[in-house]
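Reading through the structure tokens given below for one structure.
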């Protein structure tokens, strides 16, 4: 995007707990424009109501626009403290989701699944055949296989993310023992090897929760966890504590996903069966603040990775993830992986300059773009490897030479940051 003196920044500014809207829409008009905020009838008004402020600021680039908004947010009464960062947070990551998808895709190809039909359901994402079955491959023996192959080629992550579906039910997070017979023991083995373990957490999912702790649709069906209900918040606090506590699973933090699936709709009903005291952005912040506080209470150096790239969420975000790769831009043009994720990393740095960046790596359109992005990742943030055997979209193999390149890139990254190799003191 060009720099210059002809940019105008428009910022909607309100305390996060008063930001009860789900969307901000820019609507151009003849001779002007307007911003429309969707409160969806879920805002309590007692006598009077004050709208958010609209702040217009001339700026020289989109990056200075984001920085100007961040400065406005930091003037909010909510304190944003930046504690000392544990060095292990910056260790290279292996996330098993890409390997789950690649294995599912390989199985689908072997079984003759119609890849074209499945790809048409991807809605612009670089998703290949088998992605729908990938959650079933969050299995202990597969993670052992992938990590062993990486280690055989000198690729030893400091952090391992166990992705979707290690849990039996998303809402309650008990392990699926048919896939993870001894998750606590497996985590202990990773710790003994000098590694940390993050668990994938699906935000908002109501599965396993009692209906009274869920947002309900007009006919009474659960659609999301209800953060307006103190009973759910208490349950969530207990679940998080158990997952990170030495008396529970003893994991080291979370990769929080699907935060974009916050409940939305004027006909939805919450705990109070009326206007909700936490909806939209305010509701998401309440969810994240509950997770963050419980995690830090159980394990002070716990790592919370999410994709809320917004200065309002700086107090509940330890690391921000660049999120899933798109195949095309808003005009339908193909966008190289490195280009789009370099752009996202720049946005993340402008919005949350004190926050490390999880560079993500899924999905990849082909081997060449995966390899190019893997080499770029250490310059953008914390390198994250998602694949161990093949690329899901094409089935192209990840070779021994590829993994040697990854090992060399990680070694250079660790040297530059003064990080120890995983499995040694200083992790």
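The values are calculated or read from the model by the stated rules, or taken from the named source; none is laboratory data. Please read all numbers here as calculations on a predicted model, not as lab measurements. All Cβ positions, even for glycine, are placed from backbone atoms using ideal geometry, and neighbour counts span all protein chains on display.
Within the range 289-298, being in contact with a strand residue (DSSP E or B) (Cβ under 9 Å, 6 or more places away or on another chain) and either surrounded by fewer than 19 Cβ atoms within 10 Å (Cβ to Cβ) or farther than 17 Å from residue 248 by Cβ (or both) holds for 292, 296.
Tell me, yes or no, whether the range 306-322 has at least one residue that is surrounded by fewer than 23 Cβ atoms within 10 Å (Cβ to Cβ) and over 23 Å from residue 75 (Cα atoms). Checked against the condition, which is being surrounded by fewer than 23 Cβ atoms within 10 Å (Cβ to Cβ) and over 23 Å from residue 75 (Cα atoms), the range 306-322 yields no hits at all.
When you scan the range 356-370, do you find a residue that is within 18 Å of residue 196 (Cα to Cα) and in a helix (DSSP H, G or I), even just one? Within the range 356-370, not a single residue is within 18 Å of residue 196 (Cα to Cα) and in a helix (DSSP H, G or I). Exactly one residue out of 22, 43 is outside any strand (DSSP E or B), within 28 Å of residue 263 (Cα to Cα) and within 24 Å of the chain's Cα centre (by Cα): that is 22. Inspect all residues belonging to the range 16-34 and state whether any of them is within 23 Å of residue 75 (Cα to Cα) and free of Cβ contacts under 8 Å to residues at least 12 places away in the same chain. Looking through the range 16-34, none of the residues is within 23 Å of residue 75 (Cα to Cα) and free of Cβ contacts under 8 Å to residues at least 12 places away in the same chain. Report, by residue number, each residue of the range 45-57 that is exposed (fewer than 13 other Cβ atoms within 10 Å of the Cβ) and either modelled with pLDDT under 95 or more than 23 Å from residue 348 (Cα to Cα) (or both). Correct list: 45, 46, 47, 48, 49, 50, 51, 53.
Condition check ((1) touching a helix residue (DSSP H, G or I) at 6+ places or on another chain (Cβ under 9 Å); (2) outside the structural domain of residue 109 (by the TED database); (3) more than 26 Å from residue 261 (Cβ to Cβ)) across all residues:
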position: 311; (1), (2), (3): yes, no, no
position: 333; (1), (2), (3): no, no, yes
position: 342; (1), (2), (3): yes, no, yes
position: 351; (1), (2), (3): yes, no, no
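The numbered conditions (1) in contact with a helix residue (DSSP H, G or I) (Cβ under 9 Å, 6 or more places away or on another chain); (2) modelled with pLDDT of 95 or more; (3) over 24 Å from residue 379 (Cβ atoms) are all true for residue 90 except (3). The single condition among (1) part of a loop (DSSP other than H, G, I, E, B); (2) touching a helix residue (DSSP H, G or I) at 6+ places or on another chain (Cβ under 9 Å); (3) farther than 30 Å from residue 191 by Cα; (4) at pLDDT below 95 that residue 63 does not satisfy is (1). Against the conditions (1) surrounded by 10 or more Cβ atoms within 10 Å (Cβ to Cβ); (2) part of a loop (DSSP other than H, G, I, E, B); (3) in contact with a helix residue (DSSP H, G or I) (Cβ under 8 Å, 6 or more places away or on another chain); (4) at pLDDT below 95, residue 17 satisfies every one except (2).
In this structure, is residue 349 without any contact (Cβ under 8 Å) to a residue 12 or more places away in the chain and either under 19 Å from the mean Cα position of the chain (by Cα) or buried (at least 23 other Cβ atoms within 10 Å of the Cβ) (or both)?
Taking the combined requirement at face value, the residue satisfies it.
Scan the range 395-415 for residues that are touching a strand residue (DSSP E or B) at 6+ places or on another chain (Cβ under 8 Å) and not in a helix (DSSP H, G or I) and the total you get is 3. Number of residues in the range 379-394 that are out of contact with any strand residue (DSSP E or B) (no Cβ under 7 Å at 6 or more places or on another chain), crowded, with 19+ Cβ neighbours inside 10 Å and either part of a helix (DSSP H, G or I) or modelled with pLDDT under 95 (or both): the value is 2. Scanning the range 206-220 for residues that are on the phi < 0 side of the Ramachandran plot and surrounded by fewer than 21 Cβ atoms within 10 Å (Cβ to Cβ) turns up 207, 210, 211, 212, 217, 218, 219.
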